[in-house]
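Have a look at the structure below, then the notes.
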Amino acid sequence: MIHASRLFWGAAVGAGFLAMPVAAGQWPQGVSLDSFVSRERALALQGVLDNIGPNGAKVPGAAAGIVIASPSKVNPNYFFTWTRDAALTLKTLLDEFVLGNAALRPYIDDYVRSQAVLQTVTNPSGSLLPSGTGLGEPKFNADGSRFNGNWGRPQRDGPALRAIALIQYANWLVEHGESKKAKTTVWPVISNDLSYVGQYWNATGFDLWEEVSGSSLFTTQNQYRSLVEGAVLAKRLGVPCTGCGQSPNVVCFLQTYWNGKFFTGNINTNTVRGGVDANTVLGPISIFDVDAPCESPTLQPCHSRVLANFKVFVDTFRNSTLYPINAGIRSTRGIALGRYPEDVYFDGNPWYLITLGAAEFLYGAAAQWTRQGAISVDTDSLAFFRDLHPSARAGDTYRRGKKTDPFPAIVAAATAYADSFVAVAQAYTPANGALAEQFLKTPPGTPLSAAALTWSYASFLSMAARRAGRNPRGWTSAAAQKTPRPSSCAASSAVGTYTPATGAGAPNTTAPCLALVLFVVNATTYYGENIYLVGNSSDLGAWDLDNAQPMVSSNYTAERPEWFAQMSLAAGQTVSYAYVRQQDCGRPPIWETANRTLTAPACAGTGAPLPTLETDDAWTGPVGQPGGC
Ligand code: NOJ
Ligand code: NOJ
C-alpha cells in the first residue's frame, strides 16, 4: 500500500544524468539529481501543506494550524501533532516565507494561534499555570485536545524548537512594520516557551526519539539557540525575557557531550547504548548559522568536533550487516542512515529525514567554509577531511584564492559528498515523490512505517534550500555572544513567568486547583489483558477509548488483583467513569456494566498539599478469556 508505482520520472529524462546509481539502483529514476531535487521540492512542499489543518487534503479533522505528523492512523498511528515535528516544519515554512513565498502566511498565523491555545491545554505532563510543566508535553490529539496514553514525557525540545520558529516570524514582523503584532501576538507565546527552557533546561526529559530519559544534545543545542535568539528579540521589542539569562550555563553544558571521539547523543541516562545517534547531526543543522565561525561553541556543522562526530556517525552505518542496503558503497560516498545502530523501532531502518539531514549538514559546512574563505584541519577533524582530501594533515589551513590551494577542491568534494546522500534518498523515493518515515534496510529499500511523514517532507525542503545556497538568517552574532562562557558549568534554573497568550487567541485560563485521585480497582485479568480508565472529562478521555488512561498493574497479586492510575483532576469536580478491559489478540474491549461517579476533593488553596482521594472499586461486569492467538 505504501508502494507507489515504480515508474520513471519520465518528463525530466534527458536533463543530464548526474545522479550516482546507488546500491545497484533498484528504482532507477533516470533523472539528474538537479531535476529530482526540483521536482521533489514542489512535491514535498505540497506534502507538508496536505498535513496541516484545517484544509490539509490528507488530514481531515485536524484543527486550524495543527501540523499532523503523518496521515497514518494505524501501524503506526501518527495522526497526532507533535510539538517537535510541528515546530521543525514551521521553521522550514518560515524560511520559505521569508525568502519570498508569501502564500504561506495563513499557515503561519494559524500555527501561532494553535500553539497559543495548545500551551493552555492541561495534559499529563502538567499545565501552563503556575509553573509551565504542561509545555513539556510531546503530543496532542489532532483536534488540539490532550492525549492521555502512556508516552515518554516530558520532552523538553518542543518549547525551544517552537520558540525558534516563532522568533523567526517575530523578527520578520518587526522588519515589515508589524512590531505591534510581534509584541502583542507572537512574543507572549515565545515568552512562555523561553520561560520553560530557562527553568527546565537542566532537568532530564525524553529525547527526540521519545525513548531515553536523560539529557540529549539535540535538545540542549536548540535550548541554547532559543535563549540567545530570544534575548535579542526581547531587546528589540523592549520586553523582558525570563530565562534568557541561563544561556551561558546551557552552552557550557553543551560541550560536555563530547567524549573524546564523538558526541554522545544522550547523557545522564542509564541506557546501554554506545551513544552514536543521529540527534548529534540533526542538532547542528537545526542551529545552523552560515555566518558563525567554526570554533563557535554553538557546535555548527563546520566545527571540528562536529565533523569528527559526523564521520563516526555515518561510518557506523557503513556496516553492511547492520544495513545490507549500504553494501558495496565506497567509503567516501553517501549511504542510507538511521537513528542509531541499536534501533529496533520497525526493526531499525534508514530514515529519509536523517539521510537528507546528512546532505543538509554537508551543504551547511561547505557554505560556512566558503563564507569564511578558510578551512582548518585539526586532530579531531583529520579523519573527516581525509575522506575529502587524502593528503590532509592536522594543522593545515586551506584558503580560498590562493593558487594551487586545495580549498576549492575540498568544498567541491564536500558538496559532491552531500549530493551523494541526496542520491540515496532519490533511489528509494517512489515516483510519486511520497516520503514515508523509513525505507527498508535491505534491498529493494521499500518505504515503510508512517507514510507521507511531514517531517520527512520538511527535511527535504531545508536540504534543498541549503543545496541551492539559500540560508536562513544567522543568530550567533557577536552581540548575542557577549556573555562569556563560564569556566565551570552550573546547574542553574530561573523560575519562569507563564501567562496564557490571549493576544494570540489563547483562552484566559487560570491555574487549575487540583486534587489527586488514585483510582484503584480489583480486576482479575489474564496475562495479556489490560485495564483502562475512561470517563466523561477530558482528562479521563471524554468516553473515547482511544484516549483512555492506561492503568498500572505493578501491585497486582493473585490475592489482590489491583490495577491503579493516579490522576490529577480539577478539585471539587464530579466525574462519571468506568473501567474497561482491553483484550488480547485484537478482540473488542469489555466495558463495565455500569458507570461510576466520584467527586474529587475540594480545593485546598495555594501552597497546601494536594488533597487526595483513593477509590476502592471492584470490577463489575463480564470477564475476559485469553484469545489464544
Ligand atoms: C517508539 C519509537 O522508537 C519512538 O520513536 C516513537 O515515537 C514511539 N515508539 C511511538 O511511535
Ligand atoms: C517518531 C520519532 O522518533 C519522533 O521523533 C517523532 O516526533 C514522532 N515519530 C512523530 O513523527
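Just a few scattered comments:
- Residue within segment 67-85 that is more than 16 Å from ligand 1 (Cβ to nearest atom), touching a helix residue (DSSP H, G or I) at 6+ places or on another chain (Cβ under 8 Å) and part of a helix (DSSP H, G or I) present: no
- Meets criteria (within 15 Å of ligand 2 (Cβ to nearest atom) and in contact with a helix residue (DSSP H, G or I) (Cβ under 6 Å, 6 or more places away or on another chain)) for residue 185: no
- For residue 169, the criteria (1) away from ligand 1 (no atom under 16 Å from the Cβ); (2) open to solvent by 10 Å² or more (accessible area, probe 1.4 Å); (3) touching a residue at least 60 places away in the same chain (Cβ under 8 Å); (4) not hydrophobic (A, V, I, L, M, F, W, C) hold in every case but one, which is (2).
Every residue, every condition in (1) within 24 Å of residue 425 (Cβ to Cβ); (2) surrounded by fewer than 19 Cβ atoms within 10 Å (Cβ to Cβ), yes or no:
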position	(1), (2)
67	yes, no
90	yes, no
130	no, yes
146	no, no
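- Every pair of residues 6+ apart whose Cβ atoms lie under 7 Å, when the first sits in segment 437-466 and is touching a residue at least 40 places away in the same chain (Cβ under 8 Å) and more than 16 Å from ligand 2 (Cβ to nearest atom) while the second is part of a loop (DSSP other than H, G, I, E, B) and among the β-branched types (Val, Ile, Thr): 440/446
- None of 117, 112, 48 is away from ligand 2 (no atom under 16 Å from the Cβ), open to solvent by less than 10 Å² (accessible area, probe 1.4 Å) and assigned to a helix (DSSP H, G or I) except 112.
- Whichever residue in segment 366-383 is over 23 Å from residue 33 (Cβ atoms) and buried (at least 21 other Cβ atoms within 10 Å of the Cβ) and, among such residues, is nearest to ligand 2 (Cβ to nearest atom): 381
- Matching option when the condition is within 16 Å of ligand 1 (Cβ to nearest atom) and of a type in the set (Gly, Ala, Ser), among 142, 160: 142
- A count restricted to segment 533-555 and to residues that are without any contact (Cβ under 8 Å) to a residue 12 or more places away in the chain and of a type outside the set (D, E, K, R) stands at 3.
- In segment 386-435, the residues that are open to solvent by less than 10 Å² (accessible area, probe 1.4 Å) and without any contact (Cβ under 8 Å) to a residue 12 or more places away in the chain: none
- Exactly one residue out of 532, 526 is part of a loop (DSSP other than H, G, I, E, B) and aromatic (Phe, Trp, Tyr), and it is 526.
- Among the residues of segment 264-285, some residue qualifies, meaning at least one is closer than 20 Å to residue 161 by Cβ and touching a His at 6+ places or on another chain (Cβ under 9 Å).
- Within segment 333-365, considering residues that are within 14 Å of ligand 2 (Cβ to nearest atom), assigned to a helix (DSSP H, G or I) and among the hydrophobic types (A, V, I, L, M, F, W, C), the one most open to solvent (accessible area, probe 1.4 Å): 346
- Close Cβ contacts (under 6 Å, 6 or more residues apart or on different chains) running from residues in segment 70-81 that are touching a residue at least 40 places away in the same chain (Cβ under 8 Å) and aliphatic (A, V, I, L, M) to residues that are within 12 Å of ligand 1 (Cβ to nearest atom) and open to solvent by 30 Å² or more (accessible area, probe 1.4 Å) are absent.
- With respect to the conditions (1) more than 16 Å from ligand 1 (Cβ to nearest atom); (2) more than 14 Å from residue 355 (Cβ to Cβ); (3) modelled with pLDDT of 95 or more; (4) out of contact with any Asp or Glu (no Cβ under 7 Å at 6 or more places or on another chain), residue 451 falls short on a single one, namely (1).
The values are calculated or read from the model by the stated rules, or taken from the named source; none is laboratory data. Quick caveat: nothing in here was measured; it's all calculated off a predicted structure. Here the Cβ is made from the backbone with ideal geometry for all residues, glycine too, and neighbour counts use every protein chain on show. Ligands, DNA and RNA are stripped out before the accessible areas are found, and what is left, the full protein with its side chains, is counted by its heavy atoms. Shrake-Rupley method; radii C 1.70, N 1.55, O 1.52, S 1.80 Å.
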